[in-house]
Amino acid sequence: MDPVATPSSAKSLTSQAFEQLRADILGGALRPSERLRIQSLSERYQVGPTAIREALSRLVPEGLVESEEQRGFCVAAVSREELMDLTTTRVAIEGLALSQALEKGGVAWESRLLSAYHLLSRTPAPTNEAHHGPWAVAHRAFHEALVDGCGSPWMLRVCGLLYDKSERYRNLAEIYTRPKGRDTFNEHRQLMEAAMARDIAKVQQLLHGHYWETTEIVLATSPALQPPAPRGPGRGRRPASASA
């Protein structure tokens, strides 16, 4: 039984558990389809079972946790199809938000964007695990700054959710080396310059290329997203095609 707690402290413990669970799912510490056992998580995060159960229930609507009747909770699965759908949706929604930001954003928005780009450009690339945390913070701040001039709280909320879901896939790929021939610093610079120039067509084209390039890399490198290995002769199943 959980210790007696006031409503405010219970809410605090639930929020604490929620944030820790969410961070571990997005960061890949809790793997796709992993069974989430209440007692084990309670010991891991040092909070009571009730707070863990409530936190898991809050993560279900976000699509990060799945609830199975009579079986409890598990981390939401991932798939190639979901990632491609996610990228398509993200390009469409953020493209609309960017268009509105370029039309409505004032000097304050421009200042936030320039500041976020400056921080990102001075942050070491995530070529190893130690650099990943600071870069992830700066990278998120830049993409949030791009769209935060749109003036729509709902659109920004959806953009934030799509960003988190995309980051989960990128983190699962554990990409700590810069793909040959890709210059992400230049990609971000071009996005910033097109936004500052209020060039809607160009910034949308750049955003499309930026997100789909990342998606193709994640699809090619994430162990969780690889097609099933072909079965050997005599197993009764044809080998998977290269396009599977």
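Observations on the model:
- Residue with peak Gaussian network fluctuation, the chain [Cα springs, cutoff 10 Å], from Ala141, Ala23, Ala197: Ala197
- Karplus-based coupling profile of region 215-225, in residue order and whole Hz: 4, 5, 5, 5, 4, 7, 10, 6, x, 6, 10, with θ = phi - 60° in 6.51 cos²θ - 1.76 cosθ + 1.60 and x standing for Gly or Pro.
- Ranked list, fewest to most other Cβ atoms within 10 Å of each Cβ, for Asp164, Asp183: Asp183, Asp164
- Only DSSP H runs of four or more residues enter the estimate; each adds -39500 (n - 2.57), and after division by the residues of the chain the mean residue ellipticity at 222 nm equals -21500 deg cm²/dmol.
- Compared with the direct C-alpha span, the chain from Glu216 to Arg122 gains 31.2 nm at full extension, assuming 0.36 nm per residue.
- Applying 0.36 nm per residue to the separation of Leu114 and Glu187 and subtracting their alpha-carbon distance, the gain on full extension is 24.8 nm.
- Cα-based equivalent ellipsoid of region 8-75: semi-axis lengths in Å, sorted from largest, via gyration tensor: 17, 13, 11
- Sorted largest first, the spans of the alpha carbon positions of region 80-221 along the three principal axes are 39, 34, 25 Å.
- If you bin all the Cα-Cα distances of the chain at 5 Å, starting from zero, the percentages per bin are 1, 6, 12, 14, 15, 15, 13, 10, 7, 4, 2, 1, 0, 0.
- Rounded if a/c under 1.5, otherwise prolate or oblate - region 30-155, Cα gyration tensor axes: prolate
Every read-out reported here was derived from the displayed coordinates using simple, explicitly stated rules and does not represent laboratory data. The structure displayed is predicted, hence computed values, not measured ones. Heads up, the Cβs are rebuilt from the backbone with ideal geometry, glycines too, and the neighbour counts pull from every protein chain shown.
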